[in-house]
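All remarks here apply to the structure that follows.
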Amino acid sequence: MKRMKRRTGTGRTERSYPPLMLAAAVSVSLIALIPLCFVVGYSASIGPTEAARLVFRPRTGELLWNTVRLAAGCVLLCAVIGVSAAWLVERSALPGLRVWNVLLVAPLAIPAFVNSFGWVSLMPGATGYGGALLIVTLSYFPLVYLPVAAALRGLDPALEESAHALGHSPWRTFLRVVLPQLRPALLGGSLLISLHLLAEFGALQMLRFPTFTTAIYDQYQSTFNGPAANMLAGVLVVLCLLLLLAELRLRGRARYARLGAGSARPSPRTRLGRGTAPVLLGLGVLIALALGVPLGSLGYWLTMGTSSAFPVGMLVTTTLTSVGLGAAGAILTTVIALPVAWLCVRRPGRLSVILERSTYFGNALPGIVVALALVTIAIRLTPALYQTTALLLTAYAILFLPRTMVNVRSALAQAPPVLEDVAHALGAGRSATFRRVTLRLIAPGLGAGTALVFIAIVTELTATLLLAPIGTHTLATQFWSHSDSIAYAASAPYAALMVLISAPATYLLTREARKGARA
């Protein structure tokens, strides 16, 4: 009997879900949903009356307003900055393109809470909504810049040439031809920023700007009010769901992969003429704010510190621990993202969409909620996992799965599926085709996703504070223990090492762009 086939939105006839790939994707999704189930289960256990009393109060409204306006403002500014900078680097004749590309990605090497540390330690007035919006924008705009620049690099210039031949102006061509092709990259980056802001703690705590995450942390740490904290986490879950539905609706079902030599021919670069000087000035100001202030602050406090502020033994130990956890967690997260992303792109349908969307909830919840969920599950079901590195790596995978998911999904979307069909026609099995064809096509996306997760783990704070085995210290936890007591000189060495460790991974993210600039 012939196997049933179905018609997908791409117009290709495809077989049903491969059993092993589906089983792997379902397993990953179930693990990613552990924090959500924890919040939902806890909320149900306290009853609807008590839940409503904890949610519908003035404090919740204040936190909701702060969280929404910060996320909306940051996403808008990051989209404008990221798309503009990506176009300048990929499509204009801007002097020093390779240098600008590296500098525009470099803010990823500076954690948001280190950025806040840099501003607040030098300018204590940089707090409240204005300071928070400025600092999170400077920290997160590369998350839009990177995927948009990669998408621009891969676009077929024939599309724009056809628009010009039809009489469209450059601006109209960008709006009607280029921008729609950038939709997956722009929406993916914006989604990452939104979810990360929902869970951001360290930076906003330093800036004294209350959001759901800072309130949840305060509830757990000061009053041990589990019900109130969990109900606030439930509101974050609802916000996350709304973001996922909005991104899914806006992304649509358009096809972005293509076959041919179009992308191999670089697009002609636009000369800026008299606009060169203002553009260089604007980029210079952006880099000065994003890199100059935090790095200058670290340099100041490093020189102000005494020899007692540089415990060499602790610095070496925490550095090795951070690098080891970052490498292991990044590889694990990228590997488990593959089956979910593959099903989402190669077998589009309701089930694959549900599986892919389910991996984003962990990133929208504060690390402390994810940690408490895993602790509860471990104590009740698998006590042997409690206080182990395996449980900590699981938390990292849940928290940062979206970072690699967006990159892998985008890479698969631009990898022509017909090449896989050709490999099958030549007798290659599914496993061989995946290794020899698919992995090679998506290798840049895998590398970018792994680098992003590595940077995130090296600088992760709240989950590490709760889940790290006894005696395990990282650069982030040591930095926080000093900065929390306003010991800026003692915090600076740990912050500087986090930046130095993240720098090579950040530089790796610019590899493809540097190749393009050299060509």
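The values are calculated or read from the model by the stated rules, or taken from the named source; none is laboratory data. Computed from a predicted model, the values in this text were never measured in an experiment. When we count neighbours, we look across all protein chains shown, and the Cβ atoms used for this are built from the backbone with ideal geometry, even at glycine. We work out accessible area using only protein heavy atoms, side chains counted, and drop any ligands, DNA or RNA first. Shrake-Rupley method; radii C 1.70, N 1.55, O 1.52, S 1.80 Å.
Descending by average beta-carbon neighbour count within 10 Å, the peptides 310-321, 25-36 line up as 25-36, 310-321, the highest first.
For region 365-392, the residues whose amide N sits under 20 Å from a probe point set 7 Å from the Cα of E50 along the beta carbon direction are 369, 372-373, 376-377.
Annotation for L20 and I354: the two label points, set 7 Å from Cα along the Cα-Cβ direction, are 2.5 nm apart. Rolling a 1.4 angstrom probe over the protein heavy atoms with all chains in place gives region 61-117 an accessible area of 32 Å² per residue.
With a cut-off of 15 Å on the backbone N, the residues of region 452-478 near the modelled label site 7 Å out from L320 along Cα-Cβ are 472-475. In this label model, A432 and W65 are separated by 6.5 nm, measuring between points 7 Å along each Cα→Cβ vector.
If R0 is 56 Å, the Cβ-Cβ spacing of L250 and L302 corresponds to a FRET efficiency of close to 0.80.
Per-residue extension of 0.36 nm, minus the Cα-Cα distance of R172 and H473, leaves a gain of 103.0 nm for this segment.
Roughly to the nearest percent, how much of the accessible area of region 319-366 is carbon and sulfur, given a 1.4 Å probe?
Working: 1120 of 1390 Å².
The value for region 319-366 is 81 percent carbon and sulfur by accessible area.
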